[in-house]
Amino acid sequence: MHREPKPAPYKADPQITSPAAGLTEKIGDTVRAAEFPKHILRWRNDRWATSVGLSDLQDEEWTGHFGRFDPLPGNLKEPLALRYHGHQFRTYNPEIGDGRGFLFAQMRDGDGRLLDLGTKGSGTTPYSRQGDGRLTLKGAVRELLATEMLEALGVNTSKTFSIIETGEELWRNDEPSPTRSAVLLRLSHSHIRIGTFQRIAFEGDEEMMRNLIDYCLRHLYDVEPEENAAVQLLELAVPRIADLAASYMVAGFVHGVLNTDNINITGESFDYGPWRFTPRWDPGFTAAYFDHGGLYAFGRQAEAMHWNLGQLAVALRLICDAPPLIEALEKFPSLYQQAIVKRFLWRLGVKSRNNDEDRDLVAAGERAMMSSNIDIDEFFLIHRGASNSRYAGKDGDYLDFLSLLSRFSPASTEQTAGKTAERCSMHIEEVEEIWSSIAENDDWQPLQVKIGKIRRFQMLLQGKQL
């Protein structure tokens, strides 16, 4: 669910930082950041910096904290490279962890949530294996574009907080090399993953599992642990992650790598690698060139999320009987269907009528998009607020959708049929064009223009919040 950032003072003290510090023995290793030859500030997210009291930092101070990693006042004294295991394309891997990132700081936002500042591209760690611990500048730009677009579309996503170009030449097999380097900071509602629980279960550490569950309930979900805290946590995580899967679909987004180490326990999307937005409602569309079997294809993302939650349940079996965990998992399909209906109607800008008609409209909309081959963003744009004024299709499925849509009312008077809207998409061709301007001419204007367009688009969609 989208959150508008609320201003808040910077607040970091032992009561806030101790939740992570108290778990360091099992979930992280203290590390040192790499020393980079250059620190060129390319992006600072003052909108979200305001929410944690850091927008007043001068650029030099910003670079010192988020490029050289001078500790923030009263915060973590040393970065933590987090430990976890994970199923990667359904194969269990016990040899992973933060290989090019770390937890740098924790603080509260204007809603009182405990947030993490975590890095990407900050140097090698004990989990780097054969990697160089670096991030390409292109990878940083791609993550910025993904998070800004997803935030506009109401997806619960991490925020790209900072990008600093670091002046190194990097060699990669999947893009022209040498290429430029960067270090990225992301603002997230925790970096605790399903894979974090899997590692503790693998090690058979019951006490640590209880401590981690207690941490997540108290500091991430802001609830008091109940007698069966493991079940309580799963029951909270299932609807969050079901909603995340639904939000991907309505956004037309394909994450690409939905491994258990990439699924946040709070249901927040993060860690953007080979992502893409699919132009059409194509269930078989894949984002990662290495996803040969389509395991994480557009139409299989809910299946992937459900499977990953099953692995969380398996890990929680260390301290909990199976039946109540299974009962919590079995709620996923219905919660996913509820979430996709809610989000589909929100993006159409129409009011709910009743459960049956709402579901019928969504099913008809999916059929109409597939049969007409219409662009997803175009579909939602021309029919926003129950508008048929830019009718696009005459086949039976599309006519069925229009007939159903005619029964629905605009969600607000500001989202009426005649309102002019600016289309905003994020397809791979435009991503490559934006990067080419930077790579070839060091021209950042197309990126800045696109971010401005995305944020104007977000303001349009905010006429009716989820």
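The values are calculated or read from the model by the stated rules, or taken from the named source; none is laboratory data. These numbers come from a predicted model, not from an experiment. All Cβ positions, even for glycine, are placed from backbone atoms using ideal geometry, and neighbour counts span all protein chains on display.
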Residue list for region 326-358, restricted to those being buried (at least 17 other Cβ atoms within 10 Å of the Cβ) and farther than 20 Å from LEU244 by Cα: VAL350
I'd like to check something: does region 202-222 contain any residue that is in contact with a Cys (Cβ under 8 Å, 6 or more places away or on another chain) and either without any contact (Cβ under 8 Å) to a residue 12 or more places away in the chain or not aromatic (Phe, Trp, Tyr) (or both)? no
Across region 22-64, the tally of residues that are part of a helix (DSSP H, G or I), over 30 Å from ASP205 (Cα atoms) and in contact (Cβ under 8 Å) with a residue 12 or more places away in the chain stands at 8
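Counting just the residues of region 155-205 that are small (Gly, Ala, Ser) and part of a strand (DSSP E or B), which one comes out surrounded by the fewest Cβ atoms within 10 Å (Cβ to Cβ)?
Taking region 155-205 as the starting set, the residues that turn out to be small (Gly, Ala, Ser) are 158, 162, 167, 177, 181-182, 188, 190, 195, 201, 204.
Among the residues that remain, those that are also part of a strand (DSSP E or B) are: 162, 167, 181-182, 188.
Numbers: SER162: 27, GLY167: 13, SER181: 25, ALA182: 28, SER188: 22.
Among residues in region 155-205 that are small (Gly, Ala, Ser) and part of a strand (DSSP E or B), the one surrounded by the fewest Cβ atoms within 10 Å (Cβ to Cβ) is GLY167.
Residue by residue, here is whether (1) in contact with a strand residue (DSSP E or B) (Cβ under 8 Å, 6 or more places away or on another chain); (2) among the acidic types (Asp, Glu); (3) at pLDDT below 95 holds:
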position	(1), (2), (3)
PRO19	yes, no, yes
LYS26	yes, no, yes
PRO37	yes, no, no
ASP70	no, yes, no
ALA81	yes, no, no
Just to be sure before I move on: is GLY101 within 18 Å of the chain's Cα centre (by Cα) and assigned to a loop (DSSP other than H, G, I, E, B) in the structure I sent? yes
What single numbered condition from (1) farther than 23 Å from GLY154 by Cα; (2) touching a residue at least 40 places away in the same chain (Cβ under 8 Å) fails to hold for GLY396? (2)
Within region 165-181, is even one residue at pLDDT below 95, hydroxyl-bearing (Ser, Thr, Tyr) and out of contact with any helix residue (DSSP H, G or I) (no Cβ under 7 Å at 6 or more places or on another chain)? yes
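Picking from VAL238, VAL250, which residue would you name as being touching a helix residue (DSSP H, G or I) at 6+ places or on another chain (Cβ under 9 Å), of a type in the set (A, V, I, L, M) and within 21 Å of GLU327 (Cα to Cα)? I'd like the intermediate steps shown before the answer.
On the way: VAL250 fails: within 21 Å of GLU327 (Cα to Cα).
Criteria check complete, one pass: VAL238.
Among the residues of region 234-272 satisfying the criterion of being among the hydroxyl-bearing types (Ser, Thr, Tyr) and under 11 Å from the mean Cα position of the chain (by Cα), which is surrounded by the fewest Cβ atoms within 10 Å (Cβ to Cβ)? Even if it seems obvious, please write down each step before you answer.
Taking region 234-272 as the starting set, the residues that turn out to be among the hydroxyl-bearing types (Ser, Thr, Tyr) are 247-248, 260, 266, 269, 272.
When the remaining residues are screened for being under 11 Å from the mean Cα position of the chain (by Cα), the result is 247-248, 266, 269, 272.
On the way: SER247: 27, TYR248: 25, THR266: 22, SER269: 27, TYR272: 26.
Looking at residues that are among the hydroxyl-bearing types (Ser, Thr, Tyr) and under 11 Å from the mean Cα position of the chain (by Cα), I get THR266.
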Within region 56-114, can you find the residues that are touching a Leu at 6+ places or on another chain (Cβ under 8 Å) and among the aromatic types (Phe, Trp, Tyr)? TRP62, PHE66, PHE89, PHE102, PHE104
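Would you check if GLU378 is more than 30 Å from ASN259 (Cβ to Cβ), part of a helix (DSSP H, G or I) and within 24 Å of the chain's Cα centre (by Cα)? Reasoning before the result, please.
Values: more than 30 Å from ASN259 (Cβ to Cβ): yes; part of a helix (DSSP H, G or I): yes; within 24 Å of the chain's Cα centre (by Cα): yes.
Yes.
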For MET107, the lone unmet condition from (1) of a type outside the set (Ser, Thr, Tyr); (2) touching a strand residue (DSSP E or B) at 6+ places or on another chain (Cβ under 8 Å); (3) surrounded by fewer than 23 Cβ atoms within 10 Å (Cβ to Cβ) is (3)
